Every structure is written in structure tokens, then in C-alpha cells.
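The values are calculated or read from the model by the stated rules, or taken from the named source; none is laboratory data. Owing to the predicted nature of the structure, the values given are computational and were not obtained by experimental measurement. Every residue, glycine among them, receives a Cβ derived from its backbone with ideal geometry; neighbour counts consider all protein chains shown.
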């Protein structure tokens, strides 16, 4: 009788241990997955800029991390998301206009969502850092997925009215998950 009881107790403990391990595995599986997208920047004709831009959705917006080389030394450049995910034109023009999903783009002084900000290249022509973009996302109407990210020759003032261009595109990349 005692052996029969011990066998049931051991069997019960094994079931409990297996359940704990299974549930622990489920918590790992069920953790919220990080929303992330990347773009590989390739230079436009006549330029040498190249690098990567990573988009990670956070609670306060999308963190845009950039690492770009081949820029003019000690210079500032606009980092912008454009409407179309197309970098086939040699000058980046196939990417279309700067991404602006809301009507705010029509108001004087309104910031266009796709104008992420300016980046600075150091003495070696390298720009690395991050920007938090609160007005874009990785899903829905404000999604930057399947659009293009461009680095322009000039810096911008996102609040200038009337809005002005940021000069020629130095590099272009399609944003993909």
C-alpha cells in the first residue's frame, strides 16, 4: 500500500512540475513582441552616404535609431520618411513627398509627421544616434512601414511656413519589418 501511495505522490509531483515548466514557457511566448522595422540606406547617384535606420515602437512614440557614414564632414541633414516605399529613382524622387497623413500639414506652423528631425555628421562624416518620433507608428494610419526614409543634403526647420525642401536626397531606404 505504501509503494502505491509513493508512486501516486511522485506522479502528482511530476504533473505539477511539468505544468510549472509549461506555464513558464507560455509566459515567454505570450510576452508582448517588440514592433520593429529597419531600412538599409543606399546612396543616391553621386553621393556616398549609406547606413541603417531602425524604427522601434515605444510608449512615447517610435524610436528612430540611425547610423550613417559617407556624409559631408561636420554637416547637418534632414532625416525624413516619404510617402512611397520606392528608392528606384537614382535621385530618390520615386519616394514621393514627405509623409503627412493628417490634415495638420495644411496649417501654418504645423509639423509634418514624416519630418523626423535633423541629424549631425561628425568630422568623419558619420552620424549616429536616435530621435523619438511621437507622431508616427508602425501600424495604422501613421505607419511608416513600406515607406521610404531619406537623408537630405540640407537640414530643415519643421515649423517653417511656407514649408521648404531639404535639398537633394543623399541616401534612400525602404522601411521593412
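Annotations for the structure displayed:
- Qualifying residue in the stretch 54-65 (condition: at pLDDT 95 or above, in a loop (DSSP other than H, G, I, E, B) and exposed (fewer than 10 other Cβ atoms within 10 Å of the Cβ)): no
- Some residue of the stretch 104-111 being part of a loop (DSSP other than H, G, I, E, B), modelled with pLDDT of 90 or more and under 19 Å from the mean Cα position of the chain (by Cα): no
- Residue match in the stretch 2-17 (condition: in a loop (DSSP other than H, G, I, E, B) and at pLDDT 65 or above): no
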